[in-house]
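I have placed the structure first, in the form of structure tokens, so that the comments after it can refer back to it.
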Amino acid sequence: MKLLVTHRAPDIDAIASVWILKRFDPEHYADAKIAFVDAGGTLSQEEMAKHSFPPDEITYTDTGFGQFDHHQPDKALQRMSAASLVFDHVCVVNPENKKDWALQQIVEYCLVDDHFEDYFFEDADSVRHLFALRGILHGSELAGLHDDDAQIVFGFRCLDAIYSSLKERHKAMQELKKGIEFESRWGKSVGLETSNQAAVRYGQLKGYMLVVQKDPRRGGVNIKAAPRKELDLTPLYEKIVARDKKGSWFFHNGRHMIINNSSHANQTPTPLSLQEVMEIVRAC
């Protein structure tokens, strides 16, 4: 059993550095307890006695001027943070961690936040950033929702969720590379054979006006157009339901989505293949 110590009112870097140790060096830290000190400080002799941990079983992150702190004079001006230092450590412990794209993005987010690099964002003053992790954690402090222990637990839950979303995004990026690009009356389009719903949204974000997804696991098809007023999928919907009498299709009133693979309703999947749906799209 080890003791992880970070500073009170833990910010993103403090929370993430502890989270990375517990999640990615579980052999040493999975069951570690967590304690808090004033920023820059370490545990007093009395506090160490209270926690019943010898000094060699105590690890400091983002405080204490140790291995996982970056506030020393020789480090403070470098682009590093507690999370990046911990990341370097877990990559030594398990070199596979170095390939973890999702974990890399979390570390990068911590670096940007810790060095206030969002100052350079084109929309740095946008309120949308208050909906991101930094704004949520800061708001929880202002609202008095959490003490230090609860803030860590809440931060862990957020990071677990963000990590899962990032893993899904990374898979979506790979899926899009395997997509079949084609032209349609709606513009640049792509066909995807994937169960990853994030790949559809990612395809739209990357500039495809129309994305056709065939789910190989469930068998259904979803067709989504970019949310532009001039893109109307009515003629496509009419052709599909005229061709397919077995699948159950839902045409969204916004006229940008034709759904046969909803996770919100029981639908009979279409027998049409991805290639057959793409042919219908091209023929419109």
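The values are calculated or read from the model by the stated rules, or taken from the named source; none is laboratory data. The structure presented is a predicted model; accordingly, all values stated were derived computationally and were not measured. Cβ atoms come from the backbone with ideal geometry, glycine included; neighbour counts cover every protein chain shown.
Of all the listed residues (R217, R157), the sole one being of a type in the set (K, R), out of contact with any strand residue (DSSP E or B) (no Cβ under 7 Å at 6 or more places or on another chain), surrounded by fewer than 16 Cβ atoms within 10 Å (Cβ to Cβ) and assigned to a helix (DSSP H, G or I) is R157.
Summed over the range 199-214, residues that are more than 14 Å from V281 (Cβ to Cβ) and among the aromatic types (F, W, Y) total 1. Taking each residue of the range 121-144 that is closer than 22 Å to I15 by Cα and of a type in the set (G, A, S) and looking for partners that are in a loop (DSSP other than H, G, I, E, B) and at pLDDT below 95 with beta-carbon atoms closer than 7 Å, six or more apart or interchain, yields S140/H146.
Checking each residue of the range 253-267 against the condition of being closer than 29 Å to L103 by Cα, outside the structural domain of Q105 (by TED's automatic domain parsing) and not in a strand (DSSP E or B) gives at least one match. Which one is nearest to A16 (Cα to Cα), of the residues in the range 180-214 that are crowded, with 21+ Cβ neighbours inside 10 Å and among the small types (G, A, S)? Top of the filtered list is A199. Selection within the range 220-252: residues that are farther than 21 Å from G187 by Cα and of a type outside the set (G, A, S). The member of this set that is surrounded by the most Cβ atoms within 10 Å (Cβ to Cβ) is D244.
Pairing each residue of the range 79-95 that is at positive phi with any residue that is buried (at least 22 other Cβ atoms within 10 Å of the Cβ) and in a helix (DSSP H, G or I), provided the two are 6+ apart or on different chains, yields no C-beta distance under 7 Å.
If you check E141 against the conditions, is it assigned to a helix (DSSP H, G or I), modelled with pLDDT under 95, surrounded by fewer than 17 Cβ atoms within 10 Å (Cβ to Cβ) and more than 17 Å from the chain's Cα centre (by Cα)? Taking the combined requirement at face value, the residue satisfies it. Restricted to the range 1-117, the set of strands (runs of 3 or more DSSP E) holding at least 1 residues that are surrounded by fewer than 16 Cβ atoms within 10 Å (Cβ to Cβ) and in the same structural domain as L142 (by TED's automatic domain parsing) comprises 33-37.
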